[in-house]
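The values are calculated or read from the model by the stated rules, or taken from the named source; none is laboratory data. All values derive from a computational prediction rather than experimental measurement. Cβ coordinates were reconstructed from backbone atoms using ideal geometry, including for glycine residues, and neighbour counts include every protein chain displayed. Protein only, heavy atoms only, side chains kept; ligands, DNA and RNA dropped before computing areas. Shrake-Rupley method; radii C 1.70, N 1.55, O 1.52, S 1.80 Å.
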Amino acid sequence: MKEILEKLLNHENLSREEMKNVLIGITADKYPKEQVTAMLTALQMKGVTTDELLGFRDGSLETGLSVPLDADRYIDVVGTGGDRKNTFNISTTACFVIAGAGYKVAKHGNYAATSVSGASNVIQHHGIKFTTDIDRLNRSINECGIAYLHCQLFAVAAKVVAPIRRALQFPTIFNIVGPLTNPSLPSCQLLGVANLNQMRLYSQVYQRLGIDYAIVNSADGYDEISLTGDFKVTTNDYERIFAPSDLGFAIAKPEELVGGATEEEAAEIFDAVLENRALPAQKNIVLANAAFGIQVMEKGKKSIEECIAIARESIDSGAALRTFRKFAELNS
């Protein structure tokens, strides 16, 4: 670790193999927490490269549990986190809309690091129990279209560094490696990033990994499609800036996205969207994010307007809510 820290302090990039070994060392609790804190800080200040991110991913997957799901094609919808916007659980809600529309989802999530409610917070709040049981996970994705993979049960390193991440209170490489470490290795992903530098980084990573993807970023810094202004989307097929009006949506106000001050308030918004009684802006934001996820699943063969219509039908018909209720029944 001393050599690694010296390189980082000299603004030198690390190799994919070096980063893999660092992650394995962290997982084995090989380094004092002060050194891990210094490494995470120095890496954040230098900026993470494609090889460094891939190396961290390699180490996380090698030291964690794998999840061989019995499904041909499925998607994960996730944000990097760390945008400090404290939005409600947009990605998680969108997952149930996508599953309600008949697509398969393997949602990988964790507790909140810099907001009130992360994916695992809102899932657990509804009485759902996390599991590593492959049979239960397969039953869930096959019977209701979605399985939930709680990060800390599968990625050992995430659990080891959780106290350090909470203490630092700024995004680290663990924020950006998290979306890449879904232990079921989905072939599709919708990813929200907080800035365009991350968008470029992930584009390079996804091209190296060879998966179908869409990466989204809102111009005002949200790591998802916020509809508060223009947003950029990069996929396997195109790169484009959209305005909310391009999708037929009104501009949302930032206060309409806030997840509240407690887990209970965040969970209430999640419920309201699935029950089709949310604020129009809250529903529209979920529809927009779900639609781009559906477009990835369709390999870009459906227009975004068609995908919005599919997502809207999932909510309006009650399919998204029925999917969640079945999911809760299977996993409680």
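A compact table of results
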quantity	calculated
Hydrodynamic radius by Kirkwood, which averages 1/r over all alpha carbon pairs of the stretch 4-152, in angstrom	17.3 Å
For the chain: relative contact order, % (alpha-carbon pairs under 8 angstrom, 6 or more apart)	22 percent
Net lengthening on full extension, residue 66/residue 261 (0.36 nm per residue, minus Cα-Cα)	66.7 nm
Sorted peptide list for 211-217, 259-265, criterion being average Cβ within 10 angstrom, highest first	211-217, 259-265
FRET efficiency estimate (nearest 0.05) - Cβ-Cβ, residue 11 to residue 170, R0 25 angstrom	0.85
Residues in the stretch 1-30 reached by a label modelled at residue 208 [backbone nitrogen below 15 Å; 7 Å Cα→Cβ]	13-23
Three-way shape label, the stretch 210-332, alpha-carbon gyration tensor, a/c 1.5	oblate
Centre separation in Å (Cα based) which lies between the stretch 26-77 and the stretch 271-313	30 Å
Prolate/oblate/rounded label for the stretch 142-231 (Cα gyration tensor, a/c 1.5)	oblate
Length released on extending from residue 195 to residue 250, taking residue separation times 0.36 nm less the Cα-Cα span	17.5 nm
Rounded to 10°, Cα long-axis angle of helix 33-46 versus longest principal axis of the chain	70 degrees
Rounded percent of accessible protein surface that carbon and sulfur make up, the chain, 1.4 Å probe	48 percent
Inter-site label distance for residue 29 and residue 3 at 7 Å from Cα along Cβ, in nm	2.6 nm
Kirkwood hydrodynamic radius (C-alpha pairs) into Stokes-Einstein, the stretch 24-67, 10 °C and 1.306 mPa s, D in µm²/s	138 µm²/s
Whole-number accessible area per residue in Å² for the chain, which is evaluated in the context of all protein chains at 1.4 Å	40 Å²
